[in-house]
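Notes follow the structure.
The values are calculated or read from the model by the stated rules, or taken from the named source; none is laboratory data. For clarity, every value in this text was computed on a predicted model and none was experimentally measured. Cβ atoms come from the backbone with ideal geometry, glycine included; neighbour counts cover every protein chain shown.
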Amino acid sequence: MIKKGFTLAEVLITLAIIGIVAAISIPSVISNTEQQEFKTGLRKAVSVLNSAITMNIALDGESPYENNDLMSYLMRHMSVMDSTTSLRSRFFVHSIENISWDNGVFYTTDGMRFEFYDANSESVSRFPLYENPEIKACLGATTLARGVPELSCGGCGSLGLNSNNDETTKPPCLIMVDVNGDRKPNPQNANCKSDACASKYKFANPDGTRLTDIFSIMITDKQAIPYGTAAQKAMYQNQKGK
C-alpha cells in the first residue's frame with residue numbers, strides 16, 4: 001500500500017500562509033487588548049477617585065471645593081504608593097508650549113499615576129488637552145503662575161458656571177490619570193531626565209477611535225467625571241462593540 005503524505009513544498013506553503021495570517025491578525029489582537037486595558041483602567045481610576053471624594057465628604061465633611069490642595073485632598077483616602085510635587089524628579093515631559101513642566105503626581109498601588117497642574121511653577125504650562133488647551137487643572141496653590149491672574153489656581157469649581165450650586169465661577173478642577181503609570185506609551189521615555197530627551201504626551205484621538213493610556217478627569221463638588229469625548233466614550237460605551 002502506498003502511503004500518501006504532504007510534500008515538503010506543500011508543508012512550506014502551508015507554514016508560509018499561517019505565518020502571513022498570524023502577522024496580519026496578531027498585531028490587531030494585541031492592539032484591541034491594549035485598548036480594552038486602557039478603558040478598564042479609566043473606569044477603575046474614576047471609581048477610586050469617586051470613593052476618595054465620598055470618604056472625604058462622609059468622614060471629614062469636606063468637598064473638593066472646600067480644599068485648595070486637591071492633590072493632598074484625594075490622596076487622603078486613596079492607596080498611595082508614592083508621590084512628589086516635582087514631576088521632573090521622575091522624568092521630563094513637554095507641555096503644549098514645549099516648556100518642561102513640573103506637575104505634582106502620586107502613584108497608587110494598582111499602578112496608576114495621577115497628575116496635577118503645578119500652579120507654583122515658573123513656567124506657564126497647561127495640560128495638553130486636545131478639546132480645550134486653555135483649560136488648566138489645579139494643584140491648589142494660591143500662588144499666581146508668573147503673576148498672571150488667569151493662570152492662578154486658588155481653588156476650583158465643577159464647571160465654572162454661575163448655575164453651580166455654590167454659584168462658583170472658578171475654573172474646573174482637572175487632573176490627568178495615566179492608567180499604567182510610567183510605562184509606555186506615556187511617558188515615551190521614563191528615563192528622560194533633561195529637556196534634551198523630553199517629548200509631549202500622546203493623547204487619544206479626539207473622537208475616541210484610538211486611545212492611549214492617559215485621560216483627563218474633571219473633579220466636581222461631589223464626583224469625578226471623565227473629561228472630553230475620548231474619555232467619555234471609553235468610560236460609558238456599551239460593552240458590545242468595544
- Taking into account only those residues within region 31-61 that are of a type in the set (D, E, K, R) and free of Cβ contacts under 8 Å to residues at least 40 places away in the same chain, which is surrounded by the fewest Cβ atoms within 10 Å (Cβ to Cβ)? Asp60
- Message: Any residue at all in region 214-225 that's assigned to a strand (DSSP E or B), closer than 23 Å to Met78 by Cβ and of a type in the set (Asp, Glu)?
- Response: no
- Task: Please specify each residue of region 226-238 satisfying the condition of being part of a loop (DSSP other than H, G, I, E, B) and small (Gly, Ala, Ser).
- Result: Gly228
- Filter pass, Lys233 being closer than 28 Å to Asp69 by Cα and touching a Pro at 6+ places or on another chain (Cβ under 9 Å): no
- When residues of region 174-212 are filtered for being of a type in the set (A, V, I, L, M) and either surrounded by fewer than 13 Cβ atoms within 10 Å (Cβ to Cβ) or in a loop (DSSP other than H, G, I, E, B) (or both), how many remain? 6
- Note on the structure: For strands (runs of 3 or more DSSP E) lying entirely in region 66-149, having 1 or more residues that are modelled with pLDDT of 90 or more and surrounded by 20 or more Cβ atoms within 10 Å (Cβ to Cβ) picks out 104-108, 113-116
